[in-house]
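The values are calculated or read from the model by the stated rules, or taken from the named source; none is laboratory data. Since we're looking at a predicted model, the values are computed, not measured. Reconstructed Cβ throughout: ideal geometry from the backbone, glycine too, with neighbour counts over all protein chains shown.
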Amino acid sequence: MSVQQALATAVLAATLLLVTGVTRYDSSKRYIKYEVGALSVIITAPHGGNLRPSSIPIRQAGSYSPVTGCNYRHNSGTPDNYHCGVRLFKDSYTSYIASHIADELLTLTGHRPHVIYNRLHRSRLDANREVNEATLNVQEAIHAYNNFTAFINAAKASIGGRALLLDIHGQTHAANWTELGYSISKTRLNTGSFSAQHSTIKAIGMHVCNTDNACFQDLVRGSSPNSLGYYLSNEGYRVVPSPVFPSPGGNGYYSGGYDVRTHGSRYSGVVDAIQVEIPREERFSSVRRPKVARALARAVKYFMDDHY
Ligand SMILES: *[C@@H]1O[C@H](CO)[C@@H](O)[C@H](O)[C@H]1NC(C)=O
Ligand SMILES: *[C@@H]1O[C@H](CO)[C@@H](O)[C@H](O)[C@H]1NC(C)=O
Ligand SMILES: [Zn+2]
C-alpha cells in the first residue's frame, strides 16, 4: 500500500468512527450496550432486551415483612406476589425504536445521541427498578445493572452539562397514545396542581420558567413555551400530556419510573429526563414502528432547539 493509500484508508476509518461512533459493552457477555454519542441527548431502553442466559435465574417476587418490607433475594423466604411482585414482560420493539430515534437524530443534526440498551430480558434484569428488585441480588445481574448505570453516568459526564434523557418504554393501555412521564402523577395532571419542583425536568423548567407556574404547565403540555407533547402531536400522534390531551383522565397512565427519577433533574443536576411510553399500536406494526421513531426524533429536535 502506498503512503497515499494508507492515508486515505486512515481518513476513511476516522470518518467512519466519527459517523458511527464507538460501541461499548459491559463484558464479553454483552448484556449492556452503550453507543457513545456526540449530542446532548441520552436515550435509554431498559426493557427492550431479549437475552435469557441460564446462569441468571428468572426474577421472582420478594418475600415480605410488615416491619422491613420487601426482601428481593432468590431462594430466601416465601415469594409474596401481593406486596413484592415483579414485572417480567419486556417492552417489545423498544430497542429498535431507541436505535431508530438515534439514527434519525444523526440525520437531522449530524450527531448521534448516546444510546444505552439493557440487552437482558426483563425476566433476568429490570433496569428500571432499584437494584434489589431489579436483580433479586443475583451477582451476574448486579454487574449488568451497575454497568447500565455506569454507562448513563459516562454519557452525562461526556456531555458535561445540560442534556435531555429519554427513557423509552412500551405501554399496553387501551388509549393508543404515547404517555410522556415527568414524575407528575395522573391525579396532579388531572387537577392541574403541579410545578417544576417535583418533576424530572426541573432543571429546564426552572431555566425556562423560573417560578412561573403557568409557564411550566405549558412546557409540560402546552405551547409557548412548547412542550414535547405539542411537537409529537404536530407529527400526527396521540400524546398525553399535550395540547390535545392535557391529562389522562380515567385512563391508565405511567407517570415515570425509577430511571427518570434517578437520572433526571428532580433531585439534582442539569440533565432532564422524560419517560416515553409508546402504545402497542405504534410498536407492533412494522410499517408504523420506524415512523413513530422518526417522529419522536423530530419532536425531540424541535424541543431541544427551543429550550437547550
Ligand atoms: C461491568 O460488568 C463487568 C462484568 O460483569 C464487571 O466486572 C464490572 O465490574 C462491571 N462494571 C461496573 C461499573 O460495575
Ligand atoms: C392509533 O393512533 C394513531 C394516531 O396517533 C392512528 O393513526 C392509528 O390509526 C390508531 N390506531 C388504532 C389501532 O387505533
Ligand atoms: Zn417499560
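For region 104-129, give me the residue count where each residue is in a loop (DSSP other than H, G, I, E, B) and farther than 19 Å from ALA154 by Cα.
Final tally of qualifying residues: 8.
Can you name the residue in region 156-178 that is away from ligand 3 (no atom under 16 Å from the Cβ) and among the polar types (S, T, N, Q) and, of all such residues, is surrounded by the most Cβ atoms within 10 Å (Cβ to Cβ)?
SER158
Output the residue which, of all residues in region 122-133 that are over 16 Å from the mean Cα position of the chain (by Cα) and within 22 Å of TYR25 (Cβ to Cβ), is nearest to ligand 3 (Cβ to nearest atom).
In this case the residue turns out to be SER123.
Would you call ILE101 in a helix (DSSP H, G or I), touching a residue at least 12 places away in the same chain (Cβ under 8 Å) and buried (at least 19 other Cβ atoms within 10 Å of the Cβ)?
Against the criterion (in a helix (DSSP H, G or I), touching a residue at least 12 places away in the same chain (Cβ under 8 Å) and buried (at least 19 other Cβ atoms within 10 Å of the Cβ)), ILE101 qualifies.
Could you please find all residues in region 27-53 being within 16 Å of ligand 1 (Cβ to nearest atom) and either of a type in the set (Phe, Trp, Tyr) or surrounded by fewer than 20 Cβ atoms within 10 Å (Cβ to Cβ) (or both)?
Within region 27-53, SER27, SER28, LYS29, ARG30, TYR31, TYR34, VAL36, LEU51, PRO53 meet the criteria.
Does TYR117 satisfy the criteria of being at pLDDT 95 or above, surrounded by 17 or more Cβ atoms within 10 Å (Cβ to Cβ), within 16 Å of ligand 2 (Cβ to nearest atom) and under 24 Å from GLN171 (Cβ atoms)?
So TYR117 fails the test.
Which residue is modelled with the highest pLDDT, if the candidates are limited to region 176-200 and must be more than 17 Å from VAL276 (Cβ to Cβ) and under 19 Å from the mean Cα position of the chain (by Cα)?
This residue is SER185.
Could you check how many residues of region 143-177 are within 16 Å of ligand 2 (Cβ to nearest atom) and under 20 Å from ARG122 (Cβ atoms)? Spell out the reasoning first.
Our first condition is that a residue be within 16 Å of ligand 2 (Cβ to nearest atom); within region 143-177, this holds for 170-177.
So of that shortlist, the ones also under 20 Å from ARG122 (Cβ atoms) come out as 170-173.
Residues that pass the stated criteria total 4.
Name the helices (runs of 4 or more DSSP H) wholly within region 190-308 that hold at least 1 residues that are without any contact (Cβ under 8 Å) to a residue 60 or more places away in the chain, within 16 Å of ligand 2 (Cβ to nearest atom) and touching an Asp or Glu at 6+ places or on another chain (Cβ under 6 Å)?
Details: elements: 202-209, 213-221, 228-234, 258-263, 280-283, 288-307.
Hits in region 190-308: 288-307.
Residue-wise test of (1) in contact with a helix residue (DSSP H, G or I) (Cβ under 7 Å, 6 or more places away or on another chain); (2) more than 24 Å from ILE274 (Cα to Cα); (3) within 16 Å of ligand 3 (Cβ to nearest atom).
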residue	(1), (2), (3)
SER27	no, yes, no
ARG30	no, yes, no
LYS33	no, no, no
VAL41	yes, no, no
PRO46	yes, no, yes
ARG52	no, yes, no
PRO57	no, yes, no
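Would you mind finding the one in ASN153, ASN147 that is surrounded by fewer than 16 Cβ atoms within 10 Å (Cβ to Cβ) and of a type in the set (S, T, N, Q)?
ASN153
Looking for something modelled with pLDDT under 95, over 21 Å from the mean Cα position of the chain (by Cα) and either over 19 Å from THR172 (Cα atoms) or assigned by TED's automatic domain parsing to the domain that holds ALA45 (or both) - is there at least one such residue anywhere in region 231-246?
Scanning region 231-246, I find no residue that is modelled with pLDDT under 95, over 21 Å from the mean Cα position of the chain (by Cα) and either over 19 Å from THR172 (Cα atoms) or assigned by TED's automatic domain parsing to the domain that holds ALA45 (or both), so the answer is no.
I'd like to check something: does region 74-95 contain any residue that is more than 18 Å from ASN128 (Cβ to Cβ) and either within 16 Å of ligand 3 (Cβ to nearest atom) or basic (Lys, Arg) (or both)?
Scanning region 74-95 turns up no residue that is more than 18 Å from ASN128 (Cβ to Cβ) and either within 16 Å of ligand 3 (Cβ to nearest atom) or basic (Lys, Arg) (or both).
Which of the residues belonging to region 74-91 are part of a loop (DSSP other than H, G, I, E, B) and either more than 22 Å from ARG283 (Cβ to Cβ) or within 16 Å of ligand 2 (Cβ to nearest atom) (or both)?
Matches in region 74-91: HIS74, ASN75, SER76, GLY77, THR78, PRO79, ASP80, GLY85, VAL86.
Is there any pair linking a residue in region 7-35 that is at pLDDT below 95 to one that is among the basic types (Lys, Arg), with Cβ under 9 Å and at least six apart or on different chains, and which?
Going by the 9 Å Cβ cut-off, the qualifying pairs are VAL19/ARG112; THR20/ARG112; GLY21/ARG112.
Inside region 131-142, can you point out the residues that are surrounded by 24 or more Cβ atoms within 10 Å (Cβ to Cβ) and either within 16 Å of ligand 2 (Cβ to nearest atom) or in a loop (DSSP other than H, G, I, E, B) (or both)?
If the condition is that a residue be surrounded by 24 or more Cβ atoms within 10 Å (Cβ to Cβ) and either within 16 Å of ligand 2 (Cβ to nearest atom) or in a loop (DSSP other than H, G, I, E, B) (or both), then LEU136 is the only one that fits.
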